[in-house]
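> First, the structure itself, so that you have it in front of you.
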Amino acid sequence: MLSEDLRARVLALYPSLAGAPAPLLEAALAEAQVREVPAGAVLFDDRHACEAFPMLLEGAIRVSKAAPNGRELQLYRVLPGESCVITSSCLLGHVAYNARGVAETDLALATLPAPAFSRLVASHDPFREYVFALFSERLAELMALVESVAFQRLDQRLAALLLGKGRVVATTHQGLADELGSVREIVSRLLKSFADQGLVALGRERIEILDAAGLRRLAGAA
């Protein structure tokens, strides 16, 4: 059972729960469990059974699809107040996971067992609407990802990715490659090219954007 403090945090971050009928809400929160997960831990993977609905309180989860050769493509990230659409899909369809979820940072989360999740979806309209609204948002994101992978050059996608991370990007070449679904060697060559053009300055696990306008032109190039 959640403490009063944790209960308040869950309801603040997931307000669709707040208006649930008292018996339904109390039963669900009584079954909820709090977990603390260290950065780098695998929360779920391909063919793992899906047993609970996570409500993230602190940290970030990276959800990706892995290929047999070890390459990964980031599908989306989950932040506090959000949830994992693949988990929802697996719970609703009673199927195993078909992607991987990894803790990007140390996490704190409350998990609802599958039966409690199913009762809330079936009996509380705002929670059901929240779950399906998330499907809509994530589907739009995934369609944009498919479009970029299928129709944009990798240098365009890398330029757009860097622009979305601020003036100074604290990451590794491997981290960028994972987000792009590429390999480190190719990303490193592209970053070296960007640096030679004066678009960025490269450091150890650090990329400083020197010419944002130039990156924007590259990202939008036909």
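> Restricting to region 32-49, name every residue that is more than 21 Å from Ser89 (Cα to Cα), open to solvent by 40 Å² or more (accessible area, probe 1.4 Å) and not β-branched (Val, Ile, Thr).
Of all residues in region 32-49, those more than 21 Å from Ser89 (Cα to Cα) come to 34-41.
Next, from what is left, pick out any that are open to solvent by 40 Å² or more (accessible area, probe 1.4 Å): 34-36, 38-40.
Within region 32-49, Arg35, Glu36, Pro38, Ala39, Gly40 qualify.
> While we're on this one: If you check Ala99 against the conditions, is it modelled with pLDDT of 95 or more, over 23 Å from Asp5 (Cα atoms) and in contact with a strand residue (DSSP E or B) (Cβ under 7 Å, 6 or more places away or on another chain)? Let's see the steps before the verdict.
On the way: modelled with pLDDT of 95 or more: no; over 23 Å from Asp5 (Cα atoms): yes; in contact with a strand residue (DSSP E or B) (Cβ under 7 Å, 6 or more places away or on another chain): yes.
No, not satisfied.
> So Ser16 fits all but one of (1) of a type in the set (Ser, Thr, Tyr); (2) open to solvent by 10 Å² or more (accessible area, probe 1.4 Å); (3) part of a strand (DSSP E or B); what number is the exception?
(3)
> Got a number for residues in region 137-172 being of a type in the set (S, T, N, Q), over 13 Å from Leu190 (Cα atoms) and out of contact with any Asp or Glu (no Cβ under 6 Å at 6 or more places or on another chain)?
Step one: of region 137-172, the residues of a type in the set (S, T, N, Q) are 148, 152, 156, 171-172.
Add one more test, that the residue is over 13 Å from Leu190 (Cα atoms), and what stays is 148, 152, 171-172.
Remaining after also requiring out of contact with any Asp or Glu (no Cβ under 6 Å at 6 or more places or on another chain): 148, 152, 171.
Residues meeting the conditions: 3.
> Please determine, by comparing only the residues of region 64-110 that are hydrophobic (A, V, I, L, M, F, W, C) and over 18 Å from Phe53 (Cα atoms), which one is surrounded by the fewest Cβ atoms within 10 Å (Cβ to Cβ).
First, the residues of region 64-110 that are hydrophobic (A, V, I, L, M, F, W, C): 66-67, 73, 75, 78-79, 84-86, 90-92, 95-96, 99, 102-103, 107-110.
Subsequent filtering for residues that are over 18 Å from Phe53 (Cα atoms) retains 66-67, 73, 75.
Working: Ala66: 14, Ala67: 9, Leu73: 16, Leu75: 20.
Restricting to residues being hydrophobic (A, V, I, L, M, F, W, C) and over 18 Å from Phe53 (Cα atoms), the top hit is Ala67.
> Could you tell me whether any residue of region 118-137 is touching a residue at least 24 places away in the same chain (Cβ under 8 Å) and under 16 Å from Phe44 (Cβ atoms)?
No: zero hits.
> Within region 64-82, track down each residue that is within 17 Å of Val131 (Cα to Cα) and of a type outside the set (Lys, Arg). Even if it seems obvious, please write down each step before you answer.
Applying the first criterion (within 17 Å of Val131 (Cα to Cα)) to region 64-82 yields 76-82.
If the condition is that a residue be within 17 Å of Val131 (Cα to Cα) and of a type outside the set (Lys, Arg), then Tyr76, Val78, Leu79, Pro80, Gly81, Glu82 are the ones that fit.
The values are calculated or read from the model by the stated rules, or taken from the named source; none is laboratory data. Predicted, not measured: the structure shown is a model, and the values here were computed from it. No Cβ is skipped: glycine too gets one built from the backbone with ideal geometry, and neighbour counts run over all protein chains shown. Ligands, DNA and RNA are stripped out before the accessible areas are found, and what is left, the full protein with its side chains, is counted by its heavy atoms. Shrake-Rupley method; radii C 1.70, N 1.55, O 1.52, S 1.80 Å.
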